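Enquirer: Below: one structure in structure tokens.
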Amino acid sequence: MNTSGTVIGIVGSPNHDGRTNTLISAALDGAASTGRAVEKIQLADHVVDACKDCLPWVCKDNLKCTYPDEAFEFLSQKLLDCGALILGTPVYWWDTSGMIKYLILKMFRIYARTAPLKGMPAFGIGIAGGTGNGLISGLRPVYHFFQVMHMRAIEPVPVTRFNFKKATERAKELGEQIAEMAKQRTPFNDLEERLLWYDALPYLGMSRMEERRLLAGHTTQALPKNADPGIACGLARADVLSAAGRKLEAMKAITQVYDSGLEIFEKK
Ligand SMILES: Cc1cc2nc3c(=O)[nH]c(=O)nc-3n(C[C@H](O)[C@H](O)[C@H](O)COP(=O)(O)O)c2cc1C
């Protein structure tokens, strides 16, 4: 088991220089600050083919895709050899990028049974750089990957345009944290422990309403100091409505806060 390898950061966006790249770079800076070797991989340079779900299912035994796929060979070897993983995805339609999903699905098909990444520290970064919708749902497939592969993932970094600076700082802190964790892998003792670990991670279990409230909260935190304090108070009103079981009204109150916050943000 490799416990001393490089921390790799995968930029799961077709844009080499976009926001995902900025966030992954910050996380790798954090990891590098501990003295650990880091490597950034641009997924756009290594696009994995779709798994063909071919039968007989030999790849789970010979641990090799039956079809030639240089990108997968390159990436899977990097994953097998590394000490920790940071996986960054742009959020597309409230979901993880297709390039990442193709990588994940092939990893599942070949390695889910043997789980060679067990105990590997990891975290995911999801940037919902448009409306901000999907800031959590876009991260879920990434954490599903970590969970199925028995990896020891720590909290995700959900990012929007509204919390970008703070999230970049958080990515750096977590990069430092997983670099430290990479010194000693700690695999889960059993399935139950693993499932509970993942249940305890923040953000991922949020309902759609909670996710939308988080997003609206991002917009209020980005408000200028002279903004109408009534905007942020709308979130407290939404909470009261929600607690009273008036869910639809609560959701609408959240949307109102989001719309007001967005309008001011875009004028800045
Ligand atoms: C096909 C597509 C779908 C998108 N869907 C969403 C979305 O659901 N929510 C959101 O906030 N942004 C969405 N965006 C915007 C991207 O998240 C945003 O451009 C992000 O910065 C992309 O990351 P990058 O800068 O690393 O390329 C979408 C962009 C594209 C191209």
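The values are calculated or read from the model by the stated rules, or taken from the named source; none is laboratory data. Predicted model, so just to flag it, every value in this text is computed and none were measured. All Cβ positions, glycine included, derive from the backbone under ideal geometry; neighbour counts span all protein chains shown. We work out accessible area using only protein heavy atoms, side chains counted, and drop any ligands, DNA or RNA first. Shrake-Rupley method; radii C 1.70, N 1.55, O 1.52, S 1.80 Å.
Enquirer: Using the Kirkwood formula on the Cα atoms of the stretch 155-198, what hydrodynamic radius do you get, in angstrom to one decimal?
Expert: 12.5 Å
Enquirer: Here's something else I'd like to know. I want to check the label-to-label distance for TYR67 and THR255. Put each point 7 Å from Cα in the C-beta direction and report it in nm to one decimal.
Expert: Result: 4.2 nm between the two label points.
Enquirer: How large is the direction-averaged shadow of the alpha-carbon convex hull of the stretch 208-267, in nm²?
Expert: 3.6 nm²
Enquirer: Could you sort the peptides 192-199, 104-111, 172-179, 204-211 by per-residue average Cβ neighbour count (10 Å cutoff), highest mean leading?
Expert: 172-179, 104-111, 204-211, 192-199
Enquirer: Output needed: percent of Cα pairs per 5 Å distance bin for the stretch 117-268, bins running from 0 to the one holding the longest distance.
Expert: Answer for the stretch 117-268: a P(r) of 2, 9, 16, 17, 17, 13, 10, 8, 5, 2, 0 percent.
Enquirer: About its Cα centre, how strong a charge dipole does the stretch 33-87 have in debye, to the nearest 20, once Lys and Arg get +1 and Asp and Glu get -1 at the Cβ?
Expert: 220 debye
Enquirer: Rounded to the nearest 0.05, what FRET efficiency do LYS267 and ASN15 give with R0 = 35 Å and r taken as the Cβ-Cβ distance? Could you check?
Expert: It comes out at approximately 0.85.
Enquirer: Still on this structure, I have one more. Dipole of the chain (Lys/Arg Cβ +1, Asp/Glu Cβ -1, origin at the Cα centre): which of MET149, LEU174, LEU75 lies farthest to the positive side?
Expert: LEU174
Enquirer: Next up: Rounded to the nearest 500, what is the chain's calculated 222 nm mean residue ellipticity when only DSSP H runs of at least 4 contribute -39500 (n - 2.57) each, over all residues?
Expert: Calculated mean residue ellipticity at 222 nm is -15500 deg cm²/dmol.
Enquirer: Mind checking the full-extension length gain between VAL148 and THR186? Use 0.36 nm per residue of separation minus the Cα-Cα distance, one decimal, nm.
Expert: So the chain would gain 12.1 nm between VAL148 and THR186.
Enquirer: Write down the accessible area per residue of the chain in Å², having rolled a 1.4 Å probe over the full set of protein chains.
Expert: I get 48 Å² per residue for the chain.
Enquirer: Considering only protein heavy atoms and a probe of 1.4 Å, how much of the accessible area of the chain is carbon and sulfur, as a whole percent?
Expert: Answer for the chain: carbon and sulfur cover 54 percent of the accessible area.
Enquirer: How big is the chain along each principal axis, measuring the range of its Cα positions in Å and listing the largest first?
Expert: Each principal axis gives a Cα extent; for the chain these are 61, 39, 33 Å.
Enquirer: For an R0 of 22 angstrom, estimate the FRET efficiency from the Cβ-Cβ distance between LEU80 and TRP57 and round to the nearest 0.05.
Expert: Plugging the Cβ-Cβ distance into 1/(1 + (r/R0)^6) gives 0.65.
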